[in-house]
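Take a look at the structure set out below.
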Amino acid sequence: MLHGKRAERVGDQILKEIALLILTRVKDPRVQGVTMTGTRVTGDLKQAKVYFSVLGGQGEVERAQAGLDSAKGFIKREIGLRLKLRYMPDITFIHDPSLESGTRMELLFKELNLGDEE
């Protein structure tokens, strides 16, 4: 179970570093407003799935995905320098729709509550 804990720690570090890089160093306008929501790192630390969310429609998601994919080399290089890992996991960015569905649910609940007050 040691591998799982280490993979989790490395994933948390990668997530923090990517969030910081996107805020401070990545100049691509397509990644503005992108929120990193989580990571899944394999036990051998070779693959990292990084989940992101962005508000807006499918067009915004595609723009953000393209921006993240285009910045991937820079992000991997920077994280490699900061975390001092023997091997830098290959990063795959994946859209996480849970924030949008959460926002949608919140709006539905508000509408339901307004209906109750009438």
Report summary line: Cα-Cα longer than 30 Å, checked against K16/K46; K76/K110; K27/K49; K5/K72; K5/K110, kept in input order, equals K76/K110; K5/K110
Report task. Pull up all non-local amide H partners of L85: gap of 5 or more, or a different chain, and H-to-H distance under 5 Å with H placed in the peptide plane. Result -> none
Query raised in the report: Using modelled backbone amide H atoms (1.01 Å from N, in-plane), which distant-in-sequence or interchain residues come within less than 5 Å of F52's amide H?
Result: T37, I94, H95, D96
Query - Matching label, semi-axes √(5λ) of the Cα gyration tensor in Å computed from the structure shown, candidates (i) 27, 14, 12; (ii) 32, 18, 11; (iii) 20, 18, 11 - result: (ii)
Query raised in the report: What percent does the relative contact order of the chain come to when contacts are Cα pairs within less than 8 Å and at least six residues apart?
Result: 26 percent
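Each value in this text was obtained by applying a stated rule to the coordinates, not by laboratory testing. Please read all numbers here as calculations on a predicted model, not as lab measurements.
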